[in-house]
Each structure stands twice: as C-alpha cells, then as structure tokens.
Amino acid sequence: MLLIPETERKLDEARHFLRQLRRPTDHATQHHNLSAFLNAASSVRWVLQKEAKAKYDAWQPGWFGSLTDGDRELLKTMTTQRNLETKEDGATVSVTTSTRVVWQPKDSGPATPLVAQLLAFGFYGEPVPVEAETLILKLNGEPHEIHGLCTRYVTLLEHFVADFKSKNP
C-alpha cells in the first residue's frame, strides 16, 4: 500500500482548523483560523504531488476531469482565497453577526452534594446569549457561510486522497 504520511498530516491539519472555525470566537481568531485552514487545505494537493510525483502526475488529470463544475469552482475559489490570504491583503470575506445561545457554567451554587457534583463536571450553569460573528465567502457570486464551504472543501480533499490511494495501491 502506498504511504503518503505528509499528505495525511496536512489533511488532518485542515480538519483541525475546520473544527476551530466552527467554534464561536472573536473576529481576529476567526480570521487566524481561516488563514490556517486555507493554507493547510491547499497544501494537501501540493504535498501529495511531492510525495508521489510520477503517480500523481499520471492520475491527477483524470481526477480533475471527473469533477463537477461546482467542485472545480470550489477548488478555484478556495485556491484564490488562499493566495489572497497568503500573498496579499487577506481573503475576501464579509462578516455577519448573530446571537447564539451557549452554555455558561457557574462557579458556585447552593452548598448541596448534587450541586457540588454538577459544578465539578461543568454541568451547573445557564444558557446565555452571546454575539457571534460568521465569516461569509462568495462562491459563484452567491454568499455562503465559511463553515459550509470549508466543510465541502475538506470533503472534496478527503475524496481526492481516497481516490488517489484506491488507484495507486
């Protein structure tokens, strides 16, 4: 079986930053996570080509040709955003703000054994509304939440790696 550990590592890194993007955070942290995600995800294809160049070069045109127009546009858009983020003044995203409800554990409560146990496990608290920012990116001129596009991108990269491995045992 063909081993491509660095490609797998980059794919795991992209998954990691996708999980980070799903967490409600401040504006700067969202942008840092998007930058890290775009770089890691973009690296998957380049690293695979480096790890198995001859096999990659023979396989890649057929794989790319089998993509839907939507998948090709997604690859193009995410590559463009990665280049803007890395080489210019940042990805072209907009921001929307919404109120979300999160669980806020309390530090103390009535002195009872049950409350003590709930406090110990972080289960004693209340729902609290917080303002959360969502990054928006356009694909084919239509606005999309960055979480959804990045999830689609990771899924496409997972299929990319799986297809390469299945055709190059």
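Between LEU84 and ASP12, how many nm apart are label points set 7 Å from Cα along the C-beta direction?
With each label placed 7 Å out from Cα toward Cβ, I get 3.2 nm.
Show that you can apply the helix-only estimate: for the chain, add -39,500 (n - 2.57) for every DSSP H stretch of four or more residues, divide by all residues, and state [θ] at 222 nm to the nearest 500.
Value at 222 nm, helices only: -21000 deg cm²/dmol.
May I ask for the longest run of the chain untouched by chymotrypsin sites (Phe, Trp or Tyr not before Pro) that are loop-located per DSSP and have at most 15 neighbouring C-beta atoms (other than their own) within 10 Å?
1-120
Quote the relative contact order of the chain in percent (integer), defining contacts as alpha-carbon pairs under 8 Å separated by 6+ residues.
Computed over the chain, the figure is 27 percent.
For ILE136 and LYS55, what is the calculated FRET efficiency with R₀ set at 30 Å and r taken between the beta-carbons, to the nearest 0.05?
0.20
Give me the mean projected area, in nm² to one decimal, of the convex hull enclosing the Cα positions of the chain.
13.1
Can you pick out the pairs among LYS55/LYS167; LYS76/LYS167; LYS50/LYS165; LYS53/LYS87 whose Cα atoms lie more than 20 Å from each other?
Checking Cα-Cα distances, LYS76/LYS167; LYS53/LYS87 exceed 20 Å.
If you place +1 on the Cβ of every Lys and Arg, -1 on the Cβ of every Asp and Glu, and leave all else neutral, what size is the dipole of the chain about its Cα centre, to the nearest 20 Debye?
Here the size comes out at about 500 debye.
Kindly state, to the nearest 0.05, the FRET efficiency for LEU2 paired with HIS27, given R0 = 41 Å and r defined as their beta-carbon distance.
My answer for the efficiency is 0.45.
Multiply the residue gap between SER94 and THR112 by 0.36 nm, knock off their C-alpha separation, and tell me the result in nm, one decimal place.
1.7 nm
Bear in mind these aren't lab numbers, they're just calculated from the coordinates by the rules spelled out. The structure displayed is predicted, hence computed values, not measured ones. Cβ: placed from backbone, ideal geometry, glycine included. Neighbour counts: every protein chain shown.
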